Amino acid sequence: MKNISMGSLIVWILTFCYLFFFLIYPILYVFQKTFIVNGSFSLEFFDIMLRDPILKESIYNSFFIAFISTVLTIFVGYIIAYALVRYDFVLKGLFQILLLLPFIVPPFVGAIGMIKLFSRFGSINILLTEILGALGLIKGPILIDWFENKILGIIFLEILHLYPIAYLNIAASISNIDPTLEESAETLGVTGFKKFLTVTFPLSLPGVAAASAIIFIWSFTDLGTPLMFNFFKVVPVQIFNMSREIYANPMGYALTVLVLVLTSIVFIAIKRYSTIRSYEMMGRGHVSEKVYKLSRGKQVILLTLLSIWILMAALPHISIILMSFSDEWFLSIIPTKFTLSHYQEVFRNNLTSSSIRNSLFYSVIATIIAVFLGLTTSYISNRGKIPQILRDLLDALTMWPLAVPGIALAFGYLSTFADFPILSAYQNPVLILVIAYSTRRLPYMARSIYAGLQQVHRNLEESALSLGSTPLKVIKDITIPLILANISAGAVLVFSECMIEVSTSLMLAQQEEYYPITKAIYELSTNLAVGNELASALGVILMIVVAVSMVISSKVMGQKMGELFRA
Amino acid sequence: MRDLVSVRLKDIVKRFGKYEALRGITLEIKDRDFFFILGPSGCGKTTLLRIIAGLYEPDEGEVYFDNNLVNKVPPHKRNIGMVFQNYALWPHMTVYDNIAYGLKARNYSKAEIDKKVKWSLKLVRLEGMEKKYPNQLSGGQQQRVALARALVIEPDVLLLDEPLSNLDAKLRANMRSELKFLQKDLGITTIYVTHDQAEALSMADNIAVMNIGVIEQVGSPREIYLKPRTKFVADFIGEINFLNGNIVDRDDNYVIIDTPIGKLKSLDTSVNSTDVVIGFRPERIKLTKSGDIKMKVKGIMFYGFFEEVILSYDDTEIKVIQKGEERWFDINDEVGVEIEPDDVIVLRD
C-alpha cells in the first residue's frame, strides 16, 4: 500500500528520535564506555570486573538471590494460582484482592519494618518466646537474629513482594488450559497428582516461564532492599555506589552492561520459549473452566494456609503502619505507646514535606508525558499511515523499557547526560527524573491505549472523515473519547508506579531539595535518630496514595488490570 | 435544486501487497442514479466503494466527480455521505450529536444545525429520538440514524455499504422500498454495495455486477436478469439452467443449438463460436404433454406459491419453476419441454 501520510511520518520521526535519545543512546553510551578503551575495542574492563574479588562476589550473590527468589516465588505462586483457579471456596474474591497487597508498597519500604520485627529483640522473637514459653516448650527467651544472613533476609522480602507476579501469570496460564485435555487424561485412567504432572503442569509452563523471567530480573536488579539491609555485595548496590564516580571508575559501566546483557538474554530466551511452547488450545469456550467445590474440611485447611500467607505478605505493611504510629516500641510485640506526631512531623520536616511535593510533581508531569507518548506511539503503531516495518519498529521501541532494568536506565542517564546542560542529574535532576519515570512506565501506558485502539472500529473514524472532519479533529472528537477509559486507567497506574519508583529515584535525585518520597525514605532510614518512624509514616502515606490509585485504575479497567503485570 | 454529481471511474487498480483486489475498473455513474455494485463477498466491491469515498487511494486509474479528478482529495473534502455496514455510530454521542457532527464540521450555525437535524430525523422517521444513545436503539433505528447522519450534510454522492445486511428479513424488506423512495425524492446520486441480488434487482436504476476485481456487466435490473452477458452474471443473478451445446445452424435472426436434451432455437445471435453454453431461467420453461424434447420427472418440491420440478434426460438435469396449482404429472412421468427462442441465452463457453 502506498498510503503514506506526511503527518504520520513526521510524528513517527519525532517519537522515534525521542525514544532513541532517551532509550537507545544511553545504552549505546554505556556499552561504548565499557568496550572502547583508548579508541579501540577492548574487553579489558570486563576482565577487570570479573577478576575483582568484591565485584565477583557481588555478581555471585546477585545470581544466588535472583535464582533462589525465583524458584521459591514460583513455587508459592503456583500453589496459590492453582488453588484460586481450580477451587471454589468462601471469601475467594476477598483473597484475590488481598493477594495483590504487595503491589502497593516497594519492598525496601517494608524492609524498614521487617528488619525491626525480625531482629534479635524484635516482635517475632518475643511473640515466639511467649507462645512457646506458655506451652512450656522452651525456657528463656528466643534470641534469633533472623536476618543475620542478610542474603536470606533479602530473598525472604523479594518473595513476599514478588509472588503476585507469579500468581497472576500462572493463574492465567492454568485457566487457559482446555478442560477437555484434563478430562481425556481422566478417561484414560490418569488422575490426581499424576494427571497434574503429565498434563496440567506442562501446559501451564508458559505462564511459569513468563513469571520466572520477570521475577529473576526484578530480584537481580532490585536496589532498595539490599540497601535497607546495608548489604552492599550485590550488583545493583555496586552500580549505585559507582554512580558517584562515573568519571573515575569504569566498573559501573561494565556492571551495567552485565545487567543489560543478562536481562536481554533472559527476555529473548523467554520469547523463544513461549513461541515454541505456545499451545493452541482447541475448542476453548465450549466447555467451562473446571472449578471444584471443596469440602468443608479442605476449605478450612486452604483458608488457613492462605490466611497465614497473606498475613506474612502483609507483615511489611503492618510493621511500617505500627512503626509510623509508635511512640515507644521496645521489647514488646507491638508498640506500648502510640502517637500521631510522626505524621505531623512528615508535613513539618523539610526533607519529607518537600519530598511529597516533589514526588507528586514528578509523577504528574511524568504521567502527562507518558500519556502523550503512549498516545502517539500506539496510535502510530496501530493505525499510522506508514509502512508496517516502521510501525513495528516503533512498537518494539515503546515496549523496550520493560527489558531495561531501572538501575541500568538510571546509570545510563546519569553518565550519558552528566555534562548535558539541563539533563545532568548532578546539576538539577528534575527533568531527567521525570523523563526516567515516564520512559520506564511508557509500556504500561502504551499497552493500555493500544488495547483501547484495537477495540475502536476503524469505521467509527472513517465515518467522521467522510462527514468532512479533518483527520486531527477525528482523533480529538472520536478516537480519544472512545479510549478515554483506557487512557485514564493507564494514567492512574503510571502515576502510582512513578510514586513508588525506587532505583531511578535513588540514583538520579542527587540533592536533598529534589528528593522524591522513596529517596527521602531511604535517606531517613540511614540518617536520623527517629528516621525509621518518620520513614514509616512517609511509607504509609505512599501506600495509601498507591492503593487508592490502584483501586481507581482497576475500577476503570475492570478485569484487564492483571494483564499489565504479565510478561 | 442543487447541482448533481456524476461519478466516473477509469481503469482503477488496487493492490493489497501482491493481491490485486481491483483489476482495472471503468464505470460511469450518472447523476441522480441509484447505482448498485453487486457481487459475491470478496469480489472487491467494498474496496471500490472505499476508493470512491477516498478512504483508499487507487494504485492506478482515476476517479472523477463530474469532471474533477479527485484521486488526491482526502475523504473529508469530497462531500460524500457514507453509511457503513456496521453503521459506525459513535457510542459516546447522542443521536442528535451523531447527526449534527458533519454539520459542525461544516461550521453551520446552531440554529441551522438544529433545523437540519430535525429535518433529517423526520426524513428517516425518528422524531423524538434526539437524546438517545446508539446503544438504546434497535438495529433498524441505528440504521436510520446512520442514514440521517449521511444525508443531513446534503452530500454530492451517497455511498451505502451493505446498509441492510444487519437487519432481520422483514425490516429489510420494508427498508428497501423506503430507501428507494427516499433516493428518488432527494435525487442524490447514490452508490449502493450489496451481495444481495434481490436488493439490487428491486431497488436499482442500474447495476454493475462484479466478480473478483472486474466488472462483468453493467445494465438495468431487467437487462442484467434477462440478458446476462457472461456465465457468471447469469449464474449469480437468479436461478438458471446451463447446458453445453454446439451451434449447428444459424441465420441473421436465430441460431439452432444442439444440446444433450435436444435442439433449441435462440434469437441470441451475438456469439460466433460453435461451442457454446446456453442458459435459460427455470420459470421460463413450459411443460407440455407433447413437444419434441422429452424429459423424465425426477423430483418435485412444493414451496407454496411455486413448485420446483427437476427433470432428467440421461445424465442431464434441468430445473423448472412453475406455479404450484397447475400440475398434471407425477414423478417418473415423461413430459415435453418448451422454451421460447427469446428466453434461450447463448453464452461463450
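The values are calculated or read from the model by the stated rules, or taken from the named source; none is laboratory data. Note that this is a predicted model, so its numbers are computed, not measured. Every residue, glycine among them, receives a Cβ derived from its backbone with ideal geometry; neighbour counts consider all protein chains shown. Accessible surface is based on the protein model in full, side chains and every heavy atom, while ligands, DNA and RNA are left aside. Shrake-Rupley method; radii C 1.70, N 1.55, O 1.52, S 1.80 Å.
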> Suppose R0 equals 22 Å; then what is the FRET efficiency for residue B:23 and residue B:198 from their Cβ-Cβ distance, rounded to the nearest 0.05?
Replying inline: 0.20
> Any idea which of A:406, A:422, A:376 is furthest toward the positive side of the dipole for the stretch A:300-423, if Lys and Arg beta-carbons carry +1 and Asp and Glu beta-carbons -1?
Replying inline: A:376
> Past the 30 Å Cα-Cα mark, which pairs from B:77/B:116; A:92/B:132; A:194/A:293?
Replying inline: A:92/B:132
> Which percent of the accessible area of the stretch B:218-325 is formed by carbon and sulfur heavy atoms (probe 1.4 angstrom)?
Replying inline: 47
> Using the C-alpha atoms of the protein assembly as shown, what convex hull volume per residue, in cubic angstrom, is computed?
Replying inline: 265
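Please work out the Kirkwood hydrodynamic radius for the stretch A:10-126, using every pair of different C-alpha atoms, and report it in angstroms with one decimal place.
20.1
Taking R0 as 35 Å, what's the FRET efficiency between residue A:299 and residue A:274 from their Cβ-Cβ distance, rounded to 0.05?
On the way: r = 35 Å, r/R0 = 0.99.
E(calc), rounded to 0.05, equals 0.50.
Can you tell me the order of A:497-509, A:15-27 when each peptide is scored by its average per-residue count of other Cβ atoms within 10 angstrom, highest first?
Numbers: A:497-509: 26.5, A:15-27: 17.4.
Averaged packing, sorted descending, gives the order A:497-509, A:15-27.
Over the stretch B:108-178, what number does the Rg to Rh ratio reach, with both radii from the alpha-carbon atoms and Rh per Kirkwood?
Working: Rg = 12.8 Å, Rh = 13.1 Å.
Looking at the stretch B:108-178, the ratio lands at 0.98.
More than 19 angstrom separation, counting every C-alpha pair in the stretch B:248-313; what % is that?
Details: 936 of 2145 pairs.
More than 19 Å apart: 44 percent of the Cα pairs in the stretch B:248-313.
Using unit Cβ charges (K, R positive; D, E negative) and no other charged atoms, how large, in debye to the nearest 20, is the dipole of the stretch B:221-264 about its Cα centre? All intermediate terms of the calculation are to be shown ahead of the outcome.
Details: 6 positive and 7 negative charges, 28 e Å.
In debye, rounded to 20, the stretch B:221-264 gives about 140.
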> Averaged over A:451-463, how many beta carbons belonging to a partner chain fall within 10 Å of each residue's beta carbon?
Replying inline: 4
> For peptide A:466-479, how many partner chain Cβ atoms fall within 10 Å of a residue's Cβ, on average?
Replying inline: 6
> If one takes the longest principal axis of the Cα atoms in chain B, at what angle in degrees, from 0 to 90 and to the nearest 10, does the Cα axis of helix B:169-186 lie?
Replying inline: 70
> Going toward the positive end of the dipole of chain B, with +1 on Lys and Arg Cβ and -1 on Asp and Glu Cβ, which of B:230, B:240, B:157 do you reach last?
Replying inline: B:157
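For the stretch A:173-328, rounded, prolate or oblate, judged on the Cα gyration tensor with a ≥ b ≥ c (square roots of eigenvalues), a/c < 1.5 rounded, else prolate if a/b > b/c?
Working: a/c = 3.93, a/b = 1.51, b/c = 2.61.
Note, shape of the stretch A:173-328 comes out oblate.
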>> Taking the alpha-carbon distance from residue A:150 and a cut-off under 22 Å, which lysines remain once sequence neighbours fewer than 8 residues away in the same chain are dropped?
In response: A:56, A:116, A:233, A:519
> For residue B:286, which lysines qualify as cross-link partners when the Cα separation must be under 27 Å and same-chain residues fewer than eight apart are set aside?
Replying inline: B:227, B:231, B:263, B:265, B:294, B:296, B:298, B:319, B:323
> What residues have an amide H closer than 5 Å to that of residue A:37, excluding those fewer than 5 places away on the same chain, when H is modeled at 1.01 Å from N in the peptide plane?
Replying inline: A:42
>> Can you tell me which aspartates and glutamates have their Cα less than 18 Å from the Cα of residue A:476? Leave out same-chain residues fewer than eight positions away.
In response: A:461, A:462, B:97
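How much mean residue ellipticity at 222 nm does chain A get from its helices, if each DSSP H run of length 4 or more adds -39500 (n - 2.57) and you divide by all residues, to the nearest 500 deg cm²/dmol?
Numbers: 26 runs with 390 residues, N = 567.
Computed mean residue ellipticity for chain A: -22500 deg cm²/dmol.
So what is the orientation-averaged projected area of the stretch B:44-88, using the convex hull of its C-alpha atoms, in nm²?
Details: hull surface 14.1 nm².
For the stretch B:44-88, averaging the hull's shadow over all directions gives 3.5 nm².
Which three numbers, in whole Å and largest first, are the semi-axes of the equivalent ellipsoid of the stretch A:442-513 derived from its Cα gyration tensor as √(5λ)? Let's see the in-between values first.
Details: eigenvalues 263, 32, 14 Å².
Those come to 36, 13, 8 Å.
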> Once the mean 1/r over all distinct Cα pairs of the stretch A:376-470 is inverted, what Kirkwood radius in angstroms do you read off?
Replying inline: 15.6
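With n ≥ 4 as the cut-off for DSSP H runs, can you work out [θ] at 222 nm for chain B, using -39500 (n - 2.57) per run divided by the number of residues, rounded to the nearest 500?
On the way: 8 runs with 84 residues, N = 349.
Only helices count here, giving -7000 deg cm²/dmol.
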> What residues from the stretch A:343-384 fall in the zone where the backbone N is under 20 Å from a label point 7 Å along the Cα-to-C-beta line of residue A:14?
Replying inline: A:365-384
> Using a simple spin-label model with points 7 Å from Cα along the Cα→Cβ vector, what separation in nm is obtained for residue A:145 and residue B:220?
Replying inline: 10.4
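Length gain on complete extension for the stretch residue A:36 to residue A:307, per 0.36 nm per residue less the alpha carbon to alpha carbon distance?
Details: separation 271, 0.36 × 271 = 97.56 nm, distance 5.45 nm.
Extending this stretch completely gives an extra 92.1 nm.
Using a 10 Å cut-off around each Cβ of peptide B:51-57, what is the average number of partner chain Cβ atoms that fall inside?
3
State the volume of the convex hull built on the alpha-carbon positions of the stretch A:77-147, expressed per residue in Å³ and rounded to an integer.
Values: hull volume 10.4 nm³, N = 71.
Measuring per residue, one finds 146 Å³ for the Cα hull of the stretch A:77-147.
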> To the nearest 20 debye, what charge dipole does the stretch B:108-162 have about its Cα centre, counting +1 at the Cβ of each Lys and Arg and -1 at the Cβ of each Asp and Glu?
Replying inline: 340
>> Give me the mean projected area, in nm² to one decimal, of the convex hull enclosing the Cα positions of chain B.
In response: 21.8
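Tell me, what are the semi-axes, in whole angstrom and largest first, of the equivalent ellipsoid of the stretch B:1-80 as set by the roots of 5 times the Cα gyration tensor eigenvalues?
Values: eigenvalues 92, 42, 24 Å².
Semi-axes (√(5λ), whole Å): 21, 15, 11.
With a 10 Å radius around each residue's Cβ, average the other Cβ atoms per peptide and rank B:25-33, B:313-321, B:47-55, highest first. Could you put the intermediate results ahead of the total?
Values: B:25-33: 17.8, B:313-321: 15.6, B:47-55: 23.0.
With the highest mean Cβ count within 10 Å placed first, the list reads B:47-55, B:25-33, B:313-321.
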> Which values of log₁₀ I(q)/I(0), to two decimal places, follow from the Debye formula for the stretch B:79-236 at q = 0.08, 0.09, 0.10, 0.21 Å⁻¹ with a uniform point scatterer at every Cα?
Replying inline: -0.26, -0.33, -0.40, -1.35
